[in-house]
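Inspection log for the structure reproduced underneath, given as structure tokens.
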Amino acid sequence: MGTTGEGGVGEKRGGEGGSRLGVEEKKARVAGVEEERNGKEAKGPGAPGIKLLSLGYVPIKGSFLVPLSENSEKSEKEPKAPAGFARSGKSKKQVKREQAEMRRNNASICNALARTGTCRYGDSCKFNHDVEGFLAQKPADLPGDCLFVALTGSCPYGLSCRYYGSHERAAKRSEGDEAPQGAADLKTLGREALLEQRVPLPVPGSIEGEANVLTDDLKIRLRRKEEEYPKSEDILKKMNVKSNKHYARKGKKKGKDNASDFFIEKGDTEVAKSTPRERKKLDFRNKLYLSPLTTVGNLPYRRICKTYGADITCGEMAMATNLLQGKRSEWALLKRHPSEDFFGVQLAGAYPDSVARASELVSRELDVDFIDINMGCPIDLLCNKGAGAALLQRPNKIETLAKCVSPVIDIPLTLKMRKGYYDGKDIVHEFVPKVSSWNVRALTLHGRTREQRYTRTADWDYIEKVAGLAGDLPVIGNGDIFNFEEYNDHVRSGKVSTVMIGRAALIKPWIFSEIKEQRHIDISATERLDMMKVYCTNGLEHWGSDSRGVETTRRYLLEWLSFLHRYVPVGLLEVLPQSMGMRPPAYYGRSDLETLLASSNSSDWIKISEMLLGPTPATFSFVPKHKSYSYKVLSKDERADAGENG
């Protein structure tokens, strides 16, 4: 990763910070923006980029812009599936039926048989034992080596591994009989040749075990409601808080222990808790905090951000009630990688009793450094239940919840919230002076309301106002940090302890390096693809190298690409820095690979995933879960005006 990208562009033009414009040149160009806003003609070099900037677009140099007519033709080529239908033209119900049929046939095999070659249930096993039939229909192996065999000598997925053929090759290479094949130089290939490539994934230096895995014993106790929460029961009683007895201990049934009645899925037998770490003093000041991001903020992604300099990471939001029910999918959100040296988990819930019990359970059973309570999530699914941002409508409930949670955990408690629920009705400043008395150790504040979602810019004046009223309570600002200059502007006053970075880290994870090195980094297309390769390797290590693990990795890679494609290389910009609210216009990159990575067409994202993870299954479909509401909506005339210089 360097300060310049492909083609030798992005060189320094004055001042520190990589390719930032000189002060006088920047002033001249800003004056050009004002002329354009006043209806005057912008002249001279950089005029197309200046016009784009004035209309809310990223100011890309005119030589890289795609003409509007060509861009319109390209956008019309992408078919749009009707509501309720996948891109394959089949309804969601049809796809689910086909996937279920594949599982019933030879598309899957008994896990025990695949891993060890034997199954203790023999012919009475309800899973497929037809090895020849399974291998006959199994997709072709992916290029490269199985990371498990390469590092440990054995693969936990056996026959199911999508690198099964490499198991034998690895043995031959250990004897010196075969050498690994090299990969093509992707940045020299044209688009068609590029899309035909199947790129081997890198093998990491080691496999480090993950912490915070739900054990079989704990899962059974939770499902039988045999787990005890003595601290929670005590504080709920003292505070006279109504308690839902559904999650309270019901007592252990007498008789034979039928733990064997539960089907043990893969991953359940992993070590639940690593060697206990020393409890850290919670000090956020000047540390870069990666936001807990639903869906996309998974463990493989957080590992990427750690390599780029993120100091603090937090697991994806987990529902308190689902944790108390022992749901594996929810507990999976709490897993921790050894590289996450300052790690917290985020819980969400509407009721003090369930959140208190879940917090006590997490603090007692898992290896985490702090617990964060979500009071800012804007999605309807959460708010309709009274959780997330809906709590901002009931400040008294926020106080009760915090006072119920803080005494039952032996690690710090933090809160994350927005400035209010409705526009024009900011609320946090009214109760923030007393938050520290609830034994809360830090408050993260997003400078938008729930009603606002991600439209308009974050209100940093309000964030600083709240920080000034918070006393000794550390306040962490959140919203629209996209470059090191914006970071500097917001921490300069000293009112906020640090900032939390979310969407910017999805678009360019190296923002943490930019802030620490105080420069704009022009990362090349090949470096970005290498980053995705490492992500896929992390994904296979985390979710598995069988077909299920490969497709899970693919789905989350595609979700990430729905953000990654918005990055505009520094060397293509007419004016720096780029801001979060700027919409990237269609542009050509400095190589076909860079152009491909900038595509907003989801079918191109699928092709990128096929380069790394092989062809998609016949029933595959993808619609991005996250959609951006952060851009200014332009009229047809404005879009045409912005594109006429292309």
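The values are calculated or read from the model by the stated rules, or taken from the named source; none is laboratory data. Note that the coordinates shown come from a computational prediction; the quantities given were computed from them, not determined experimentally. Note that each Cβ is placed from the backbone with ideal geometry, even for glycine, and that neighbours are counted across all protein chains shown.
Give the number of residues within the range 399-427 that are in contact with a Gly (Cβ under 7 Å, 6 or more places away or on another chain) and among the aliphatic types (A, V, I, L, M).
Of the residues in the range 399-427, 2 are in contact with a Gly (Cβ under 7 Å, 6 or more places away or on another chain) and among the aliphatic types (A, V, I, L, M).
Check the range 353-361 and report whether any residue there is touching a Gly at 6+ places or on another chain (Cβ under 6 Å) and outside any helix (DSSP H, G or I).
Scanning the range 353-361, I find no residue that is touching a Gly at 6+ places or on another chain (Cβ under 6 Å) and outside any helix (DSSP H, G or I), so the answer is no.
What tally of residues in the range 338-357 results from selecting those that are within 23 Å of Asp234 (Cα to Cα) and of a type in the set (Val, Ile, Thr)?
Number of matching residues: 1.
Taking Tyr487, is it at pLDDT below 95 and of a type in the set (Phe, Trp, Tyr)?
So Tyr487 does not fit the description; no.
Report, by residue number, each residue of the range 411-439 that is under 26 Å from the mean Cα position of the chain (by Cα) and part of a loop (DSSP other than H, G, I, E, B).
Of everything in the range 411-439, those that are under 26 Å from the mean Cα position of the chain (by Cα) and part of a loop (DSSP other than H, G, I, E, B) turn out to be Ile411, Pro412, Tyr421.
Quick check: is even one residue across the range 387-397 crowded, with 20+ Cβ neighbours inside 10 Å, assigned to a helix (DSSP H, G or I) and either assigned by TED's automatic domain parsing to the domain that holds Met580 or without any contact (Cβ under 8 Å) to a residue 40 or more places away in the chain (or both)? Even if it seems obvious, please write down each step before you answer.
So in the range 387-397, the residues crowded, with 20+ Cβ neighbours inside 10 Å come out as 387-392.
Filter once more, so that each one left must be assigned to a helix (DSSP H, G or I): 388-392.
Now drop any that are not either assigned by TED's automatic domain parsing to the domain that holds Met580 or without any contact (Cβ under 8 Å) to a residue 40 or more places away in the chain (or both), which leaves none.
No, because not a single residue in the range 387-397 is crowded, with 20+ Cβ neighbours inside 10 Å, assigned to a helix (DSSP H, G or I) and either assigned by TED's automatic domain parsing to the domain that holds Met580 or without any contact (Cβ under 8 Å) to a residue 40 or more places away in the chain (or both).
Only one of these is under 30 Å from Lys495 (Cβ atoms), in a loop (DSSP other than H, G, I, E, B) and at pLDDT below 90: Lys266, Lys242, Lys280. Name it. I'd like the intermediate steps shown before the answer.
Details: Lys266 fails: under 30 Å from Lys495 (Cβ atoms); Lys242 fails: under 30 Å from Lys495 (Cβ atoms).
Going through Lys266, Lys242, Lys280 in turn, the sole match is Lys280.
Quick check, is Asp234 modelled with pLDDT of 65 or more and surrounded by fewer than 16 Cβ atoms within 10 Å (Cβ to Cβ)? Spell out how you get there, then give the answer.
On the way: modelled with pLDDT of 65 or more: yes; surrounded by fewer than 16 Cβ atoms within 10 Å (Cβ to Cβ): yes.
So Asp234 fits the description; yes.
If Ala642 meets every condition in (1) closer than 29 Å to Arg302 by Cβ; (2) modelled with pLDDT under 95; (3) of a type outside the set (Phe, Trp, Tyr); (4) crowded, with 22+ Cβ neighbours inside 10 Å apart from one, which number is that one?
(1)
When you scan the range 527-539, do you find a residue that is within 19 Å of Gly376 (Cα to Cα) and in a helix (DSSP H, G or I), even just one?
So the first thing to find is which residues in the range 527-539 are within 19 Å of Gly376 (Cα to Cα), and the list is none.
Within the range 527-539, none of the residues are within 19 Å of Gly376 (Cα to Cα) and in a helix (DSSP H, G or I).
Which count do you get for residues in the range 198-218 that are surrounded by fewer than 20 Cβ atoms within 10 Å (Cβ to Cβ) and over 21 Å from Tyr535 (Cα atoms)?
Final tally of qualifying residues: 4.
Among Asp410, Asp459, Asp423, which is under 19 Å from Met500 (Cβ atoms) and either of a type in the set (Asp, Glu) or not assigned by TED's automatic domain parsing to the domain that holds Val491 (or both)? Lay out the reasoning, then the answer.
Values: Asp410 fails: under 19 Å from Met500 (Cβ atoms); Asp423 fails: under 19 Å from Met500 (Cβ atoms).
The match here is Asp459.
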